[in-house]
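Okay, so here's the structure we're looking at.
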Amino acid sequence: QVQVVESGGGLVQPGGSLRLSCAASLSIFRFYGMAWYRQAPGKQRELVEHITSGGTTNYAPSVKGRFTMSRDSAKNTLYLQMNSLNPEDTAVYYCNANRSGSICWGQGTQVTVSS
């Protein structure tokens with residue numbers, strides 16, 4: 001069974017950068033779509049970025065140009081490079097692996113943008 005584990009969250013000042021990682025337990029990128037979601041306090045979980053198994057990406061308008069997702073197949077790891085962070089980016093960030101209606105979520109990693 002696929003498992004994913006996020007890491008890399010923390011406290012960063014406005015304008016700063018962070019890189020999140022999502023380590024998968026199996027070599028799944030050829031078969032699974034991967035996505036980053038986030039959930040801010042009192043708000044619904046929202047899609048940040050998604051990449052299909054074929055490599056097609058989809059970004060939320062609020063992060064386009066600031067966030068970049070990438071995959072390292074050798075390490076079975078998905079990354080989210082976040083630049084020009086602002087307080088509105090504060091949230092718990094979740095990774096998921098998705099295929100044919102089956103979704104596997106990680107436990108999330110907290111990102112806090114504050115001076």
task: Output the residue which, of all residues in region 92-115 that are outside any strand (DSSP E or B) and open to solvent by less than 20 Å² (accessible area, probe 1.4 Å), is nearest to F31 (Cα to Cα).
output: G106
- request: State whether one or more residues within region 77-85 are farther than 17 Å from V111 by Cβ and at pLDDT 95 or above.
  value: yes
- prompt: From the list S62, S70, which residue is assigned to a strand (DSSP E or B), open to solvent by less than 80 Å² (accessible area, probe 1.4 Å) and without any contact (Cβ under 8 Å) to a residue 40 or more places away in the chain?
  reply: S70
statement: Residue hits (region 1-44; open to solvent by 70 Å² or more (accessible area, probe 1.4 Å) and within 12 Å of the chain's Cα centre (by Cα)) are V5, R19
- request: Please enumerate the residues belonging to region 45-58 that are open to solvent by 50 Å² or more (accessible area, probe 1.4 Å), modelled with pLDDT of 95 or more and either among the aliphatic types (A, V, I, L, M) or outside any strand (DSSP E or B) (or both).
  value: R45, L47
query: Of the residues that make up region 1-23, is at least one more than 25 Å from L85 (Cα to Cα) and either part of a strand (DSSP E or B) or touching a helix residue (DSSP H, G or I) at 6+ places or on another chain (Cβ under 9 Å) (or both)?
result: no
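The values are calculated or read from the model by the stated rules, or taken from the named source; none is laboratory data. Quick caveat: nothing in here was measured; it's all calculated off a predicted structure. Cβ atoms come from the backbone with ideal geometry, glycine included; neighbour counts cover every protein chain shown. The protein model used for the area step is the full one, side chains on, heavy atoms only, and it has no ligands, DNA or RNA in it. Shrake-Rupley method; radii C 1.70, N 1.55, O 1.52, S 1.80 Å.
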